[in-house]
1. Please give the contour-minus-distance gain from A55 to Y35: 0.36 nm per residue of separation, less the Cα-Cα distance, rounded to one decimal in nm.
2. Quick check: residue separation of R63 and W45 times 0.36 nm, minus the Cα distance between them. What number comes out in nm?
3. Report the label-to-label distance for R74 and D86 in nanometres (one decimal), using points 7 Å from each Cα along the Cα→Cβ vector.
4. Using the number of other C-beta atoms within 10 angstrom as an exposure proxy, rank H85, H43, H61 with the fewest first.
Amino acid sequence: MFRRILLAFTLITTLGGVVLVPATASAQGVELRFYDRSHRDHHRWDRDEDRRYRAYLAERHRRYLAFQRASRQRQREYWRWRHEHDGR
């Protein structure tokens, strides 16, 4: 089981794109972080980030789809938008 997870993670990072990484365990559960390859930085996924993601979708008249389920292209588009609108 561990080998499959490691292999999948290695494959994803080798192919590029955004990678979902469980960062730390907190009292409220697992904190999610995403690595944005284009900007070479990490983003913590919290309520604030979810609110911004929903604003991004609304601005583009798109239905809600969990970020983790969005295509790599859509995820890259979001991070590009995010950097342009917040400089983060």
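1. Extra length available between A55 and Y35 comes to 5.1 nm.
2. Gain in length upon complete extension: 4.6 nm.
3. Those two pseudo-labels are separated by 1.9 nm.
4. H61, H85, H43
Computed from the coordinates by the stated procedures, all read-outs in this text should not be read as laboratory data. As the structure is a computational prediction, the values presented were derived from the model and not from experiment. When we count neighbours, we look across all protein chains shown, and the Cβ atoms used for this are built from the backbone with ideal geometry, even at glycine.
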